[in-house]
Each structure stands twice: as structure tokens, then as C-alpha cells.
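Colleague: Submitted below is the structure of interest, expressed as C-alpha cells.
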Amino acid sequence: MKCCVLEDCNRDLNQIISCIQADDYLNNQLSIKSYTSTSQIDLTTDIFDILLLDIDLPDKNGIDFANDYIKIYPNAKIIFISSHNELVFDSFKVHPYSFIKKENINIELNDTLLELLDLLKLHKKEIVLNNKDHTTIIQQNDIIYIESLKHYCYIHTKCTTEPYKIRANMRQILENFNFYFYRINRSYIINLNEIKQIKNGRVILKNDMEVSLQRGQIKKFQNTYDNFLCRKIIL
């Protein structure tokens, strides 16, 4: 995964990079690019999964930069590393994954990154569809919903206009899917990330598809969705 380190103090920058490189797993998993100024980062081409940001920077503070960045790349995860502990609450406006005090870099940084990598890999889980003449790999977070019709399931994604057709049942599908998929009735599994509105026993997805909740399951679904939203804050 791609990791940005933005720190204007060379001593602190070297400490962060050395700390990561001291862990073999992190060193293999992360491709690190370092910067000393926000002006060195091109928001159109520099795309990162993880950003380790100082806050007190010469041209633009790290919180404002993070706010600009996640407007373009909302799935990027932010970790602030700062000696300005009084800014921890200000940083909450960009929903960072973590805030690490500079004096705790060697204690907290690698454990935080290892935990975050586990969560990101869970979120980016893939499924492999094997057809007669080709194999297709789909990112689970690209799936909007799955429809069951007779002996087939039709997987509707953000990337294609036509669904992928596979011979499987709903139980088999759910066994291999992430926690954010929910069987809303006998015919549909939905991606909880794709919900726009819940109204009058119906779920409206971001693509304006409407699905009816199974009778008697509205309260159970609402509890599941509330728990999902709480867990999503961590992700």
C-alpha cells in the first residue's frame, strides 16, 4: 500500500521512516514517499492509502491539507503525528484514524500501522468469479447489491452497467463476504455502504435502487445498520 509521510523537520522525518523500516512486515507492505511541504504533493497524481501528517507545517497546516486531500480521496486514512497535543480535538474534523504524539513515535507508530493495515485489507477484500473462458476479480467494496433469481446470483457493481452472473445461492455468497453486506430479504443482499436512505420499510441505495425490507425484520435491520455505522467510524 502507498504511504505518504509529510514532515518538515528532517530529524522527525527520518525517525518516522526508520521506525517503519525496522519492522520487516511494514517495510514490505508499505511503499513510502516522503515530503517536507504540502506544495510538493500533487493532488491530481499523488494517491495514497495512508498519510502520516505533521500538523505544524510552513505553508499549510496538516489538518487543512488533510481536509483538502480527503475531499478528493475519501478512502485515504489519516494519522497525525504532532508535538502539538492541544490540536488533537481540532484534528477530529477530518476524522483521522489516529493521533500520535511525537514523543511516542517509537512506541505507538508501528502498532497503529499494523492495526490499520489489517482493517484496510479487510475492507479491500476481493472475490474471484470463474467463468468458462475467463476469470474476473471484483473488489467487494465496488459491489452495490446482489440479486438472486432462480439458481443464479447477479452482482451489480459501480464499475459496470451489466451485472456479473454466477451460479450460486445467497448463503454461499454471504459466507465469503465482508461484514458490510446484509441479506435484506429473500432476493437481495445489499452493501451497507451504499445506503442513501431508509424510509417506510424500504432501503434506498445511492444509485436510487429501492429494496423492501423483509416483513418483521425492520428493527433487526436497523440495529444491524446502527452497529455497522459505529464500526465504520473505526474504518
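Taken together, the values in this text are just the output of simple stated rules run on the coordinates, not laboratory data. Worth saying up front: this structure is predicted, and the values here are computed from it rather than measured. Note: ideal-geometry Cβ built from the backbone for every residue, glycine included; neighbour counts use all protein chains shown.
Colleague: Using DSSP to call loops (not H, G, I, E or B), can you name the trypsin sites (Lys or Arg not before Pro) in segment 73-127 whose Cβ has at most 15 other Cβ atoms within 10 angstrom?
Modeller: Lys124, Lys125
Colleague: What translational diffusion coefficient, to the nearest whole µm²/s, does segment 40-174 have by Stokes-Einstein, given a Kirkwood radius computed over alpha-carbon pairs, a temperature of 10 °C and 1.306 mPa s viscosity?
Modeller: Roughly 89 µm²/s, to the nearest whole number.
Colleague: Right, here's the next one. Looking at this model, which pairs from Lys196/Lys219; Lys71/Lys102; Lys93/Lys125; Lys125/Lys150; Lys71/Lys125 are more than 21 angstrom apart at the alpha-carbon?
Modeller: Pairs exceeding the cut-off: Lys71/Lys102; Lys93/Lys125; Lys125/Lys150; Lys71/Lys125.
Colleague: Taking segment 13-69 on its own, what percent of its Cα-Cα pair distances exceed 18 Å?
Modeller: Of all Cα-Cα pairs in segment 13-69, 37 percent lie more than 18 Å apart.
Colleague: Would you mind counting up the charge near Ile144? Only other residues with Cβ under 15 Å from its Cβ, with Lys and Arg at +1 and Asp and Glu at -1.
Modeller: -2
Colleague: Going through segment 158-210, which chymotrypsin sites (Phe, Trp or Tyr not before Pro) have at most 14 other Cβ atoms within 10 Å and a DSSP loop state?
Modeller: Phe179
Colleague: A further question on this structure: Measuring from label point to label point, each 7 Å out along Cα→Cβ, what is the Asp90 to Phe179 span in nm?
Modeller: So the label points at Asp90 and Phe179 sit 3.3 nm apart.
Colleague: Only four residue types carry charge here, +1 at the Cβ of Lys and Arg and -1 at the Cβ of Asp and Glu. Report the dipole size of the chain about the Cα centre in Debye, rounded to the nearest 20.
Modeller: Here the size comes out at about 1860 debye.
Colleague: Which label marks the calculated value of Rg and Dmax of the Cα atoms in Å, given the options [x] 20.9, 63; [y] 30.4, 88; [z] 16.7, 47?
Modeller: Calculated Rg and Dmax of the Cα atoms in Å: the matching label is [x].
Colleague: On to the next question. Would you work out the charge dipole size for segment 1-77 about its Cα centre, treating the Cβ of every Lys and Arg as +1 and the Cβ of every Asp and Glu as -1, and quote it to the nearest 20 debye?
Modeller: 200
Colleague: Find out how many positive minus negative residues lie around Leu30, taking Lys and Arg as positive, Asp and Glu as negative, among other residues whose Cβ is under 11 Å from that of Leu30.
Modeller: My count for the surroundings of Leu30 gives 0.
Colleague: Considering only DSSP states other than H, G, I, E and B, which trypsin sites (Lys or Arg not before Pro) in segment 128-194 qualify as loop sites with at most 14 other Cβ atoms within 10 Å?
Modeller: The qualifying sites are Lys132, Lys150, Lys158, Arg186.
Colleague: Ok, one more. Taking the Cα centre of the chain as the origin and placing charges on Cβ (Lys, Arg +1; Asp, Glu -1), which of Phe89, Gln140, Ala22 is farthest toward the positive end of the dipole?
Modeller: Checked the options; the winner is Gln140.
Colleague: Okay, moving on. Note the full-extension length gain between Ile204 and His134 as 0.36 nm times their separation in residues minus their Cα-Cα distance, in nm to one decimal.
Modeller: Here the answer is 21.9 nm.
Colleague: Can you tell me what percent of all Cα-Cα pairs in segment 96-155 are more than 18 Å apart?
Modeller: I get 59 percent for the Cα pairs in segment 96-155 exceeding 18 Å.
Colleague: Report, to the nearest 10°, how far helix 105-123 tilts away from the longest principal axis of the Cα atoms in the chain, using its own Cα long axis and a range of 0 to 90°.
Modeller: Roughly 20 degrees between the two axes.
Colleague: Shifting gears a bit: Sum up the charges of everything whose Cβ sits under 14 Å from the Cβ of Gln222, counting Lys and Arg as +1 and Asp and Glu as -1, but leave Gln222 out.
Modeller: Net of charged neighbours comes to +3.
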